[in-house]
Amino acid sequence: MKKDLENRNDIVQLIDAFYQKATKDEIIGRFFTEVIQLSWEKHLPIMYNFWESVLFGTGSYRGNPILRHIELHQKSALQTIHFEQWQQLFFATLNEHFEGTKTEEAKQKVVMMAKLMQYKIEQSEGKGFVQ
């Protein structure tokens, strides 16, 4: 039986496993490897903090993910297929490693984030957009 997401160590395991998939993915991998030149030493701790804040309310994340994705979109268009693939890979990673209430909550947050991100990116293309 798999355990539920319980702490930062679980977040680290989840995010590391997710990025192993995502960077090799035919649909979204190039965003991480070509479109932006990520410093993994800097990026991964930010992602750990983000997901720890989202799932456990730690407040350890400081940043603006919507603005970062709008900037990414301006470099290379993010489309529905990219968000769908991100969601699918995230779900697959969650399902491989975890199960339980917090894991299901994580899936709900992933769905909401994808929808919000897509909406904000669409809005950013309009006149008078305020972040």
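The values are calculated or read from the model by the stated rules, or taken from the named source; none is laboratory data. As the structure is a prediction and not an experimental result, all values here were calculated from the model. No Cβ is skipped: glycine too gets one built from the backbone with ideal geometry, and neighbour counts run over all protein chains shown. The accessibility values were calculated without ligands, DNA or RNA, using every heavy atom of the protein model including side chains. Shrake-Rupley method; radii C 1.70, N 1.55, O 1.52, S 1.80 Å.
Overview of results
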| item | result |
| --- | --- |
| Principal semi-axes in Å for the range 48-92 [√(5λ), Cα gyration tensor, largest first] | 22, 16, 6 |
| Computed Kirkwood radius, in angstrom, where 1/r is averaged over Cα pairs of the chain | 15.4 |
| Residue order for MET1, MET47 - accessible surface, 1.4 angstrom probe, largest first | MET1, MET47 |
| Per-q log10 I(q)/I(0), the range 1-51, q = 0.13, 0.15, 0.19 Å⁻¹ (Debye; single scatterer per alpha-carbon; no solvent) | -0.35, -0.46, -0.68 |
| Per-pair calculated FRET efficiency, R0 = 25 Å: GLN13 and ARG68 via Cβ, rounded to 0.05 | 0.60 |
| Accessible-area composition of the range 88-131, carbon plus sulfur, in percent [1.4 Å probe] | 53 |
